[in-house]
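Report on one structure; see the data block that follows.
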């Protein structure tokens, strides 16, 4: 049996606590009104980058600030809690940049990482596919070598956030046919989204917003110089990438806006049921935050994939419960209000937004299978 998950106690260092005040002051001055963190605002991302808050842990050689992972955690936590529009740089900072830093060539790092750190480069993730979803071992997008030793990519990706405004996408492809273990024969490629043969088809969510896309690759030429890592090593790279994607505070803060609106609506004298809800979810948030910080501290020395999957699964369940219980307790007694910051408006947005959290980062079934394998139970 594999070793059990470890959520070691981690205390934020003094420099991280001091940084929190700096980030809050920045947000008071620079945060646009009525934004959401899933919005893309290139100007805001460039302002964040100018502070040295993108690629914070990376070497200075490639635009980073060589700061600790817990300092980065504080910046991310504050940006998410403020609903800052960070999606232009979010994916590149969270996982694409670290993946290039770990597996890329120096030429790839020189070209891409400084632009990411300045907030000038937007990435998308090419993982999920029609017919495969979160079962990434079943991907069918193919990358085949041509006579010049470069690659041709054909296939489709779906639920691809930001693809319509991304500069690049890291695409998981099958580089050799399945012959036994489907996790073998996978590779990753950094694809320029301006390449010929790429079609980006918008998918509007229930709120009418355009964030998701279907991306179709029709014999897209990709230089071998933009191959990320070795052909066939895609699954190993994917495991480290998903540990970055699944463990951050975005996995349990999506419903924070609603919980805060509920607390304001309940007022200084909440009912016993309302007080119980507030106390219970405060405790859940504190626990998940502790677990998430533990994963952030571990990322510097190992790839805590199982722990990250646990954080994501518990965070998804809690966010859905917040929406369901806030709606049950307050929905019937509240008057409809057109103000975008009213409780009714916040509740409506959360109800439309919550179904996506069961998909992003892996469905609960996929996550629990990963946890069981990590515990040696499968």
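Rule-based calculations on the coordinates, nothing more; no lab input. Being a predicted model, the structure only gives us computed values, none of them experimental. Glycine gets a Cβ as well: all are built from the backbone with ideal geometry, and neighbour counts include every protein chain shown.
Looking only at Cα atoms, what is the convex hull volume of segment 247-374 per residue, in Å³?
109 Å³
Gaussian network model of the chain, Cα springs within a sub-10 Å range: biggest mean-square fluctuation belongs to which of 329, 99, 127?
Answer for the Gaussian network model of the chain: 329.
Would you please calculate the Kirkwood hydrodynamic radius of segment 208-256 over all C-alpha pairs and express it in Å, rounded to one decimal?
14.6 Å
Report the extension gain between residue 218 and residue 165 in nm, rounded to one decimal, defined as 0.36 nm multiplied by the number of residues separating them, less their alpha carbon distance.
17.2 nm
Where in segment 137-175 is the amide nitrogen less than 16 Å from a point lying 7 Å along the Cα-to-Cβ axis of residue 225?
148-151
Based only on other Cβ atoms within 10 Å, what is the fewest-to-most ordering of 254, 342?
Fewest-to-most Cβ neighbours within 10 Å comes out as 342, 254.
So how far apart, in nm, are the two label points at residue 203 and residue 345 if each is 7 Å from Cα heading toward Cβ?
Computed distance between label sites residue 203 and residue 345 equals 2.9 nm.
Rounded to the nearest 0.05, what FRET efficiency do residue 378 and residue 196 have when you use their Cβ-Cβ distance and R0 = 51 Å?
Here the calculated transfer efficiency is 0.75.
Quick one: Cα convex hull volume of segment 1-66, Å³ per residue?
178 Å³
Going by average Cβ neighbours within 10 Å, how do the peptides 157-165, 201-209 rank, with the highest at the top?
Most protected by this proxy first, the peptides run 157-165, 201-209.
Semi-axes of the equivalent ellipsoid for segment 125-233, please: Cα gyration tensor eigenvalues, times 5, square-rooted, ordered largest first, whole Å.
Ellipsoid semi-axes (Å, largest first): 23, 17, 10.
From the alpha carbon gyration tensor of segment 14-121, can you work out the equivalent ellipsoid semi-axes (sqrt of 5 times each eigenvalue) and give them in Å, largest to smallest?
That gives 23, 16, 11 Å for the three semi-axes.
Relative to the present Cα-Cα distance, how much length would full extension add between residue 210 and residue 61 at 0.36 nm per residue of separation?
Working it through step by step, the gained length comes to 50.0 nm.
If you take the C-alpha gyration tensor of the chain, multiply each eigenvalue by 5 and take the square root, what semi-axes do you get, largest first, in whole Å?
34, 23, 22
Under 12 Å from the 7 Å Cα→Cβ point of residue 135, by amide nitrogen: which residues of segment 351-375?
In segment 351-375, the label zone of residue 135 (backbone N under 12 Å from the point 7 Å along Cα→Cβ) covers 366.
Quick one: plug the Kirkwood hydrodynamic radius of segment 165-309 (C-alpha pairs) into Stokes-Einstein at 25 °C, 0.890 mPa s, and report D in µm²/s.
Using the Kirkwood radius from Cα pairs, D works out to 128 µm²/s.
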